[in-house]
Amino acid sequence: MDKSNGYEKIASRFIELRGKATDGIGAATVRKWARTLPPGASILDLGCGTGLPITKVLVEEGMRVYAIDASPTLLRAFRQNFPSVPARRESVAESSFFDLQYGAVIAIGLMFLLPPTEQGAMIQKAADHLRTGGKLLFTAPRVKTEWKDVLTGEQSVSLGAERYKTVLSEAGLSLLAEFEDEGGNYYFDAVKE
């Protein structure tokens, strides 16, 4: 079973299309969000891919980043890009999240790749690994919808904003903000009270 949700089979193509952009879509949005965190905060980057541009932004902002991705090919590229950032090849469902607590967890382009039941479990798991006052930032379409991922052909599912708000609340997280980036990606920014 492919634990990378189809990304291992298209990893080379993904790297060519999106995995080399050092200042790509979402970079400015994540930079602005990172500046709301305490200096040097520890951040877990779930579904890190090659690390470009998201991990790059977090490292540039002085954060202590830990990374997880299930694709061996993407993780190899990540390690070439960020040899000093701790990284593991694991699915988010099976990961121990390094057995650490974080100031923030970020999941850009990952949530909607997971089956609906795993999305709720991932949000709860992220909340369990956040310190009090820690933040979770993830992307998913605002509307409840299903589609085939353009690159992988795998099924993608957004629970929709109302359901995400409920799941966040059930996990002990309060939604702080919702916003869009220049590429139309929709973000949910929550905090652990």
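For the stretch 155-162, the condition of being in a helix (DSSP H, G or I) and at pLDDT 95 or above holds for at least one residue. For residues that are under 22 Å from S174 (Cα atoms) and not aliphatic (A, V, I, L, M), scanning just the stretch 89-110, find the one that is surrounded by the most Cβ atoms within 10 Å (Cβ to Cβ). Going through the qualifying residues, I end up with Y102. In this structure, is T152 at pLDDT 95 or above and in contact with a Gly (Cβ under 9 Å, 6 or more places away or on another chain)? No, not satisfied. Of the residues making up the stretch 11-23, those that are part of a loop (DSSP other than H, G, I, E, B), more than 15 Å from the chain's Cα centre (by Cα) and either at pLDDT 70 or above or farther than 17 Å from E182 by Cβ (or both) are K20, D23.
I'd like the residue in the stretch 155-187 that is surrounded by 14 or more Cβ atoms within 10 Å (Cβ to Cβ) and in contact with a Gly (Cβ under 7 Å, 6 or more places away or on another chain) and, out of all such residues, is nearest to G47 (Cα to Cα). This residue is N185. Counted as qualifying within the stretch 36-140 are the strands (runs of 3 or more DSSP E) with 3 or more residues that are of a type in the set (G, A, S), namely 102-107.
For the stretch 114-143, what are the residues that are basic (K, R) and either under 9 Å from K192 (Cβ atoms) or in contact (Cβ under 8 Å) with a residue 60 or more places away in the chain (or both)? Can you show your working first?
Residues of the stretch 114-143 basic (K, R): 125, 131, 135, 142.
If the condition is that a residue be basic (K, R) and either under 9 Å from K192 (Cβ atoms) or in contact (Cβ under 8 Å) with a residue 60 or more places away in the chain (or both), then R131, K135 are the ones that fit.
Note on the stretch 111-129: residues that are under 19 Å from S158 (Cα atoms) and surrounded by fewer than 20 Cβ atoms within 10 Å (Cβ to Cβ) amount to 8.
The values are calculated or read from the model by the stated rules, or taken from the named source; none is laboratory data. The shown structure was predicted, so the numbers you read here are calculated from the model rather than taken from an experiment. Note that each Cβ is placed from the backbone with ideal geometry, even for glycine, and that neighbours are counted across all protein chains shown.
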